[in-house]
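A short write-up of the structure that comes next.
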Amino acid sequence: DPDPVNGFVILPDLKWDASNPNSMYLVAIVHRKDVKSLRDLTRQHLPLLKNIAQKSQHAAQRHGVAPDQLRLYVHYQPSYYHFHVHITNVNFENRGMCAGRAHLLDSIIFNIESVSGDYYQKAMILFVLDSNDNLRRNDHME
């Protein structure tokens, strides 16, 4: 979708061999440069988020995955600060889907629509650090 505000590209993730639908792993990367992470999302981003949710279903179907077999989620903290959504088959297991890191797109949309338009600016968002994460080094803990 080339729209500069609500558009994005969907690409195969490098973790997927692009042949086995059970391990399908795609990533939707938004065109906007002003959305870096979950913390930036507000009510104004709902059209973008819903667009990703809808068009992800079509992309997955082209790879043999039914819409009811999709898991769409966002990492917090992300691996890179340009907003992107992970699109996987529910059968695909990986560390990135663990509690404390992954936030389901449907829940994100619900929180912004039903709880507060600025939910993610106010929410306490806990996250898990890997044991080798730079934030765990002693020089960061002073």
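Note on segment 55-94: residues that are outside any helix (DSSP H, G or I), open to solvent by less than 70 Å² (accessible area, probe 1.4 Å) and within 16 Å of HIS31 (Cβ to Cβ) total 4. The single residue among ILE52, ILE10 that is modelled with pLDDT of 95 or more, in contact with a Leu (Cβ under 8 Å, 6 or more places away or on another chain) and open to solvent by 20 Å² or more (accessible area, probe 1.4 Å) turns out to be ILE10. Residue pairs whose Cβ atoms lie under 6 Å apart, sitting 6 or more positions apart in sequence or on different chains, and linking a residue in segment 10-24 that is under 15 Å from SER79 (Cβ atoms) to a partner that is of a type in the set (A, V, I, L, M, F, W, C), are LEU11/VAL27; ASP13/VAL27. Entry remark, segment 1-40: residues being in contact with a Lys or Arg (Cβ under 9 Å, 6 or more places away or on another chain), under 17 Å from SER56 (Cβ atoms) and not acidic (Asp, Glu) number 7 in total.
Based on what the data block shows, is LYS33 open to solvent by 20 Å² or more (accessible area, probe 1.4 Å) and either among the small types (Gly, Ala, Ser) or outside any loop (DSSP other than H, G, I, E, B) (or both)? Criteria not met by LYS33.
Here ARG43 meets each of (1) open to solvent by 80 Å² or more (accessible area, probe 1.4 Å); (2) touching a helix residue (DSSP H, G or I) at 6+ places or on another chain (Cβ under 7 Å); (3) closer than 17 Å to ARG71 by Cβ with one exception, condition (3).
Checked against (1) over 25 Å from ALA123 (Cα atoms); (2) at pLDDT below 95, PRO78 passes all but condition (1). Taken as a whole, the structure leaves ALA102 outside the set of residues that are at pLDDT 95 or above, crowded, with 16+ Cβ neighbours inside 10 Å and aliphatic (A, V, I, L, M).
The values are calculated or read from the model by the stated rules, or taken from the named source; none is laboratory data. On a predicted model such as this, the values are computed, not experimentally measured, just so you know. Every residue, glycine among them, receives a Cβ derived from its backbone with ideal geometry; neighbour counts consider all protein chains shown. All accessible areas refer to the heavy atoms of the entire protein, side chains included, with ligands and DNA or RNA removed. Shrake-Rupley method; radii C 1.70, N 1.55, O 1.52, S 1.80 Å.
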